[in-house]
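Inspection log for the structure reproduced underneath, given as structure tokens.
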Amino acid sequence: KLQAGMVSEYENCRNADILASQKAKVEELMKVEMVKGDLWYILSLNWWAKWEVFVDLVSKSGIVDETSEEYPGKVDNSDILCDGKLKENLLLENDITLVPKDVWKLFVDFYGCVHTETSLFERRAIQAPKSAEIEIYPPHYSFYLNSPNSNPTLLTEGTYCKFQTIRELKLLVAQHLKMAPGLTLHLLIHNEQNEFEELEDEDATIEEANLEREKVIYVQLEPKNGIRSEIYVDNSRAKSIDSVKSRPELQMVSLHGSNPPLVPGVCGLNNLGNTCFMNSALQCMSNVPALTSYFLSGKWKSELTYVIHSGLRKNRHCLCGSH
């Protein structure tokens, strides 16, 4: 029968062998070539350094002491987080290191992990001009459609790659919207003067366009056939957009477009006050060519319904109608 001390020594030897094997496996996996699309993880350099010190001590002494200060404990990235996000300006091999998916899984399976949600630390390798690389802070954009009558509408958002071009961003947004044929899509950003500026160079990458890492991008959809639609963007907030020639103060955008045979009306009037019903009636009469012509021609006079109500006379009814 083994003495307690002998059992402890046996367990130490066994665990020391396991950790030696673990160290060798990690060293081998860390030599793997980074390939586009492969999954890597951001790991706190503090935890990584603790792990290295611990396995080195075990390999020299053959003793595993999980109560020692050198024991790394569960995988812990808390020191590189702030309010649930990665801290700003983290430096590779100064604050963090990158490990392939297999190394991350090995660590989590063996030591555990203090984080229940680890997608924050996941990164897909992207293809740089010379080789694959990892973006610690990949660009994240929200695409909004603007309307003067309502709050901006979120169309889509996502994480992208600094090597993607403006053309690729347009294509991704168009695919998300299932954009109808005959529409042209424009992307706009707020510049330093708080005015809209169009991203015109479609061949420029996100990096070359100097887009901020997190940005709101506005979407303008313009019908190629020139037919106007019901969704408009106030040009005072989008000064770089070419205006509609007949109404330079407003610029229109559309999600669905209109049929070419239709004759477009003009943009709506400003609110005339608290008489919204009168505003609506005036807009109908002034903005629809057929109605405008009908009232200007005087044809409406011959089509008035002369209904004599109690207390009203025919000439008074006609007088009211003429106004």
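The values are calculated or read from the model by the stated rules, or taken from the named source; none is laboratory data. All values derive from a computational prediction rather than experimental measurement. Don't worry about glycine lacking a Cβ; one is built from the backbone with ideal geometry, like all the others, and counts go over all protein chains shown.
Values for this structure:
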read-out: Matching residues, the stretch 93-106, being free of Cβ contacts under 8 Å to residues at least 60 places away in the same chain, in contact with a strand residue (DSSP E or B) (Cβ under 7 Å, 6 or more places away or on another chain) and under 21 Å from LEU19 (Cβ atoms); value: THR97
read-out: Any hit, the stretch 60-76, residues being surrounded by 12 or more Cβ atoms within 10 Å (Cβ to Cβ), out of contact with any strand residue (DSSP E or B) (no Cβ under 6 Å at 6 or more places or on another chain), of a type in the set (Val, Ile, Thr) and at pLDDT below 90; value: yes
read-out: Checklist (1) free of Cβ contacts under 8 Å to residues at least 24 places away in the same chain; (2) among the charged types (D, E, K, R); (3) more than 30 Å from LEU92 (Cβ to Cβ) applied to GLU157, failing item; value: (3)
read-out: Given (1) modelled with pLDDT under 60; (2) in contact with a helix residue (DSSP H, G or I) (Cβ under 9 Å, 6 or more places away or on another chain); (3) in a strand (DSSP E or B), number of the condition LEU221 does not satisfy; value: (1)
read-out: Enumeration of residues in the stretch 26-48 that are part of a helix (DSSP H, G or I), in contact with a strand residue (DSSP E or B) (Cβ under 9 Å, 6 or more places away or on another chain) and under 19 Å from CYS113 (Cα atoms); value: VAL26, LEU45, TRP47, TRP48
